[in-house]
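Below is one structure, written out as structure tokens, with a few remarks after it.
Nothing in this text is a laboratory measurement; each read-out follows from the coordinates by a stated rule. Values in this document were obtained by computation on a predicted structure and should not be read as measured data. We place every Cβ from the backbone using ideal geometry, glycine too, and count neighbours over all the protein chains shown.
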């Protein structure tokens, strides 16, 4: 008994003495798809400078929350990855460090992606991929992509046969992100722009004429039997991967599974709707530096010397299949038709709004779409209601 | 004797805590130690001797977080206000800016021989080299004692007692080096890259006496307003900080029409959901437990093992599976229903059926738990009672309802109440299956038909103005706790009568 | 409690139980199907996938980025230790509530139950900060340690399980202890030598309940564990499904199936304890 006590004491003593301190060491948070690509870059960095780099996998949805809790205590990461629409919220919370990068490096990036990561004139992230949705179709069922949206509807009607479990065209619902191209084609928008170039959270365009017309188009798809209630992401991609769906609106993240399923697919821009070009949301993914990082210069170096290289950017692309924002890497993929189609789609797109108020928009908007698809409410009423709800939520009156 | 050891350890830890400046923890430890000694040495604190270990962990990891939660409810902790005022000030003040015409310097890093301090030799474009060390900058030239000009080009390149660092060593110590700042007249010298130092200027300065943050470039004064440093024109400096807001969160909850409007509807469904979940899972669980306790039934163990499987699979995947099953077009349930009866139920699209779906799903998830606790409680019923009743001519049915069931209820009632409370707050389940949908047409607020109190109010806290409002969410938690606590307390008193029964057995 | 059953009765009983088993297991069958489906869909159209593959299972055991076997071991270790300690703490507490009459007994018990009803979603920050500071001077119990995590879980020991055990203890006649006390034993000895052995069924129940609860606990574990090597299964699994839009259902399904096996196994092993010990040789009168 005595010996046990002494042993315990000894262990505790050692534990206290061996206090962990933090030498120069970089901690990077990313989700599981990017971790392998980063791990390689990390090894090279360590080899060159002798500074260990630890790539920690954190579930994507938890990164922001965990950062807010851990960073102010000093235990947080140095670098995180995430989409550009996070930066509004993160900057409000004082969690991001502006980047200082040389001009010649900046010139190698797609300017729209740099713009997406800028706030009040400073750059807060190093972009690595742009993403948006486009039309993905099954070449065995639809040899040529439709040239207009009307054509798309015609093809879809022919191919839709619920008795056999076959469908012609689906947009996952309720999903504002995937439906936005319909609204934006007619001139709908979420937040209006101010003269200074920022977004006005109280200028909500979800109930303007354009948005309503887009909603009416969705309503029409339901009434003509093309779109059905309950078609969520799982259902839509599941059907497509089994060869039971001819066309859908989706992003590059769906490609790996489609390829695994062996479907003969193609990617095209969403066809013009009554002559108007649909503008999908463009999201830019990038690396950001925590404001509480104790290794800011090291992080900067990691970003600009080791991540902003063609090899690493291509490695990240391999896993996620998103068009790189780094132009030399994008050029390498010039003969990849999927990437070119997504990039073309993005060229027409609008960057996802990054002000924190954006988070208040999704719920009401989703509800409106769901009511339209389940035919409980007409499109005009649903969108107007949603916009009102958002205005109330944000306290704009 | 073990107590003596613990005391020794405690005192030693107490001292080391004090040394590190952790006063609160030291005090807490002292109190705990005193308590432990008193409890285990006194003759009168018998029950506490048994209760203490559990209570210790309870206080630390359950009561303290609750206390913290309560504290947060009185602040505005949330997006834009997650830093303390000091941290926000530090961040704003640390914003140096580099004027376009800032002076830049080449530099060389040195480390003290036999020591750990660092120093720099800075070379401006014009003028003598500067030696920077410990927050001080001194111009040096060849001939100044202590400095060397080893290559004889008229420029100082060495210092006595210091050793020049090569690039790898510089990088290894970069985190320390980059943080070193040296005042230089009105400016601050800092490292900007591996090749350069530059003269930064401070943008903001905080005046603690007047509690104002001054923008040195424009002269504007920013006063703390509602957790942001705000200029007279209303422009706020980021980041904001947490402030104490008193009962504002609670007040907002009670008076906010978005909350009070649907409150009763949401409350009614929350209550119904919890109530029916408990009844259904208990009924099935008890039924199974009773029959699987029957010594005459073969394969009991295997059956029990198979029935436990729903409980062993992570709820995350099983609930999402169920969601797929409920899909009106391609889900399994409707496919079977359609082929047998030609109907398709709009499971998750119709308010009524969505509720049915939730209850069905919850039944599946929860019956193993009820089965297990029923199995356990069944073991405690003395056989003599049944034998006596059998002799008196009671049927199996009567024996169950008059003897077994009441006795079971005595031990299980609080657990049923607990299960009620758990389901009342079962945020994840609702969220995974329906996300609170289907939405209510024409509603003023985004409350879905299957939202329960906690999912609805949390959503308001996290989706309302500008991101996550943890302060508001904490206030919500407390309010909900009061509601469920009251309901439970009433129920406990009700079942107290039953407790008397068991104590006479 | 039970009569010797008739043939019809037996058949009906087995039938009903089989129906419930189908109800319980059919989603699991689908999860099994998803685990063999290469296309990562969760709810496929057909039960048997078109091109079944064991690739997901292979990946589980060979992917160095996701050390699945280590996660399972971590989970078993953390859950096992937590359940063990919880049973001890609960038994001690339940004994006190059952046998001793002291002021605040009823109130205390009710207070314990009520306290455990507080919505814990926001406790994360508090516990994180607490462990951060504790780990500052005692790293063995700080963040990213299993010891620290177990300690946090022990906070929930005194709660509903205590009531369950107390109810069971209440039905053990006091006469047994009284005779031991007369023979010169201390309360503690009466507790450990007499009561505990008789209470085996309920100890087993609490162990199982706590094991399963800890095994599937995600929130606290995800905040407190930061290194992939330390993750429990619940945390590690989340990595597969919360990549933005990249939900690897195939691997997740396989992991769920494999991950459920320890629980089922432990339950099976502990079933022997679930027989009543009270009917044998209890002192009468």
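What to note about this one:
- The modelled label-to-label distance for the pair residue C:23/residue B:137, using points 7 Å beyond Cα in the direction of Cβ, is 7.9 nm.
- Placing a label point 7 Å from the Cα of residue B:335 along the Cα-to-Cβ line, no residue of segment A:248-262 has its backbone N under 14 Å from it.
- Here r is the Cβ-Cβ distance between residue B:155 and residue C:140 and R0 is 41 Å; the resulting FRET efficiency, rounded to 0.05, is 0.15.
- Across chain A, the relative contact order, built from alpha-carbon pairs under 8 Å that are at least six residues apart, equals 25 percent.
- Mean residue ellipticity at 222 nm, helices only, chain A: -12500 deg cm²/dmol; runs of at least 4 DSSP H residues each add -39,500 (n - 2.57), and the sum is divided by the number of residues.
- Cα gyration tensor shape for the protein assembly as shown, rounded if a/c is under 1.5, else prolate or oblate: oblate
- Volume per residue for chain B equals 306 cubic angstrom (convex hull of Cα atoms).
- Using a Förster distance of 35 Å, the FRET efficiency for residue B:244-residue B:272 (Cβ separation, nearest 0.05): 0.35
- Springs join every pair of Cα atoms under 10 Å in this Gaussian network model of chain A, and among A:280, A:127, A:72 the largest mean-square fluctuation is at A:72.
- Each peptide in B:199-208, A:246-255 was scored by the mean count of other Cβ atoms within 10 Å over its residues; highest first, the order is A:246-255, B:199-208.
- Between residue B:396 and residue C:219, the simple spin-label model (points 7 angstrom out along Cα→Cβ) gives 4.4 nm.
- Residue of A:45, A:281, A:180 that the Gaussian network model of chain A assigns the largest fluctuation, springs spanning Cα pairs under 10 Å: A:45
- Working note: Cα atoms of segment B:256-503, range along each principal axis, descending, whole Å: 69, 49, 27.
- Helix C:7-35 vs. chain C, principal-axis angle (Cα, 0 to 90°, nearest 10): 40 degrees
- Note on residue B:144 and residue B:195: with the Förster distance fixed at 30 Å, the Cβ-Cβ geometry gives a FRET efficiency of about 0.75.
- Over chain A: Kirkwood hydrodynamic radius from C-alpha pairwise inverse distances, Å: 22.9 Å
- Paramagnetic label zone (point 7 Å from Cα along Cα-to-C-beta, residue A:140; backbone N under 20 Å) in segment C:34-77: C:37-53
- Comparing A:75, A:131, A:227 in a Gaussian network model of chain A (Cα springs below 10 Å), the most mobile by mean-square fluctuation is A:75.
- Likely footprinting exposure, C:220, C:109, B:51, fewest C-beta neighbours within 10 Å first: C:109, C:220, B:51
- Over segment B:343-500, relative contact order from alpha-carbon pairs under 8 Å, at least 6 apart, %: 23 percent
- Angle of helix C:200-215 to the longest C-alpha principal axis of chain C, folded into 0 to 90 degrees and rounded to 10: 30°.
- Two-site label geometry, residue C:186 and residue B:409: point separation in nm, points 7 Å out along Cα→Cβ: 4.2 nm
- The gain in end-to-end length when the residue A:150 to residue A:198 segment is fully stretched comes to 13.7 nm, 0.36 nm per residue minus the alpha carbon separation.
- Principal-axis tilt of helix C:105-115 within chain C, Cα atoms, nearest 10 degrees: 10 degrees
- Percent of C-alpha pairs per 5 Å bin in segment B:262-387, short distances first: 2, 9, 14, 17, 16, 15, 12, 7, 4, 3, 1, 0.
- Spherically averaged projected area in nm², based on the convex hull that wraps the Cα atoms of segment B:2-64: 4.5 nm²
- Average Cα contact separation per residue, chain C, under 8 Å, 6 or more apart, as relative contact order %: 29 percent
- Note on segment C:1-53: Cα-Cα pairs beyond 18 Å make up 53% of the total pair count.
- Value of [θ]222 nm, deg cm²/dmol, for chain B, DSSP H segments ≥ 4, -39500 (n - 2.57) each, nearest 500: -17500 deg cm²/dmol
- Computed [θ] at 222 nm, deg cm²/dmol, chain C (DSSP H ≥ 4; -39,500 (n - 2.57); rounded to nearest 500): -20500 deg cm²/dmol
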